[in-house]
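All of the numbers you see were taken from the coordinates with simple rules; none came from a lab. Everything quoted here is computed from the prediction, not taken from an experiment. Neighbour counts run over all protein chains shown; Cβ positions are idealised from the backbone, glycine included.
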Amino acid sequence: MSEPPTQAPCTIVTGSSRGIGRAIATGLAKDGHRLVLAARDAARLDELAEELRASGCEATTVAVDLRTPDAVAQLLAAAQQAYGAPDIIVSNAGTAPSDKIENTTAEMMQEAFDLHVAVPLAFARQTAAAMKTRRSGCLLHLASSAGLRGYPFTSAYTAAKHGMVGLTRALHLELSPKGLQVYAVCPGFVDTDITRTAAEAIAKKGKTSAADALRLMGAQNNIGRMHTSDEVADAVCMLLRERPTGCIYDLDREPASFCN
Ligand SMILES: NC(=O)c1ccc[n+]([C@@H]2O[C@H](COP(=O)([O-])OP(=O)(O)OC[C@H]3O[C@@H](n4cnc5c(N)ncnc54)[C@H](OP(=O)(O)O)[C@@H]3O)[C@@H](O)[C@H]2O)c1
């Protein structure tokens, strides 16, 4: 294990307007991080920031579409201006396109690779030099069990999440000798807007109800049920607090553990 930072870390959390990202930001606020909250929905971000500030946390927001050119640079500049050089990047923002392969468009593929691979890679590229100089910093990627095994009807998402896990492994080997930690956290299905929207789409096809579709998703997890956003956030907070040696953290196993 390496030493955690001694002063309140400056931490960027992408996709923190709702779902897992919002739960992560709430957990990190309790752990004393100074937060830069990012997503497209300015109103939801501002509401969360106000809530966190009311509980004594420092938080600022950046409403940005991460797929636009220079979004990562814009976010890093905003963090620098608010709190100084970012110590931790949590790359969580994502979408989960789902359809049979014949209907999987180039745009679905591009969006999946932009958000799950290109954005975390851009964060690494633009922060590694400064983090190496300080011999301190952490890049954490919200991956998925879809980065470790295949699922039908999710070819673009599964391919992109495998890319995210591969990126994490490569960065871990390159940067851990320089004192940095690089993690991917891999939950199975989690009860959020992503899974609820998918369940409603399945229900619209008339074969099952949305509630049954959600139950079936949970049953596909090795743990036999859906994860909650709070469980994922707890794992992220633990990794950022304790900085254990390891790289790919599989939440969909009992007990959750590294599967490098
Ligand atoms: N739910 C699951 O079953 C599950 C399982 C394993 C892994 N994951 C991963 O966990 C992460 C979070 O998922 P979630 O379930 O919490 O989904 P969610 O509730 O739909 O939240 C997704 C977040 O990403 C943000 N986002 C999406 N596209 C964006 C863009 N172009 N630019 C900036 N922000 C963007 C959204 O904010 P705005 O809409 O405001 O931009 C939102 O805050 C994703 O990477 C997902 O792949 C989810």
Checked the stretch 29-78 against the a/c 1.5 cut and the a/b vs b/c comparison, axes a ≥ b ≥ c from its Cα gyration tensor; verdict oblate
Through the Karplus equation 6.51 cos²θ - 1.76 cosθ + 1.60, θ set to phi - 60°, convert the phi angles of the stretch 100-105 into ³J(HN,Hα) values in whole Hz; use x for Gly and Pro. 5, 4, 4, 9, 7, 8
Measure nothing but the geometry: give the 0 to 90° angle between the long axis through the Cα atoms of 193-204 and the longest principal axis through the Cα atoms of the chain, rounded to 10°. 10 degrees
Two decimals, Cα atoms only, Kirkwood Rh: what is Rg/Rh over the stretch 7-47? 0.96
Relative contact order [Cα under 8 Å, 6+ residues apart], the stretch 66-167, whole percent: 36 percent
Would you pull out the residues with amide H under 5 Å of Thr61's amide H, same chain only if 5 or more places away, H placed 1.01 Å from N? Leu37
Want the number for Gln220 to Ala130: 0.36 nm per residue separation, take away the alpha-carbon distance, what's left? 28.3 nm
How far apart, in nm, are the 7 Å Cα→Cβ label points at Ala106 and Ala8? 4.8 nm
Determine ³J(HN,Hα), in whole Hz, for all residues of the stretch 63-73 in sequence, where each value follows from phi through the Karplus function 6.51 cos²θ - 1.76 cosθ + 1.60 and θ = phi - 60°; x replaces Gly and Pro. 7, 8, 8, 5, 8, 7, x, 6, 4, 5, 4
How big is D, in µm² s⁻¹, for the stretch 61-124 by Stokes-Einstein at 25 °C and 0.890 mPa s if Rh is the Kirkwood radius over C-alpha pairs? 187 µm²/s
Taking the convex hull of the alpha-carbon atoms of the stretch 88-127 and averaging its shadow over every direction gives an area in square nanometres of 3.0 nm²
Run the Debye formula on the Cα coordinates of the chain, all scatterers equal and no solvent, and tell me log10 I(q)/I(0) at q = 0.07, 0.11, 0.15 1/Å. -0.22, -0.56, -1.07
Read phi for every residue in the stretch 236-253 and hand back ³J(HN,Hα) as whole Hz from Karplus 6.51 cos²θ - 1.76 cosθ + 1.60, θ = phi - 60°, with x for Gly and Pro. 4, 4, 4, 4, 6, 7, 9, 6, x, 6, x, 9, 9, 9, 8, 7, 8, 8
Sort all Cα-Cα distances of the stretch 2-149 into consecutive 10 angstrom bins from zero, then give the percent of pairs in each bin up to the one containing the longest distance. 11, 41, 33, 12, 3, 0
Convex hull projection area averaged over all views, the stretch 104-235, Cα basis, nm²: 8.8 nm²
Amide H of Ile248 versus every other amide H placed in the peptide plane: which residues, excluding those fewer than 5 positions away on the same chain, fall under 5 Å? Ala184, Cys259, Asn260
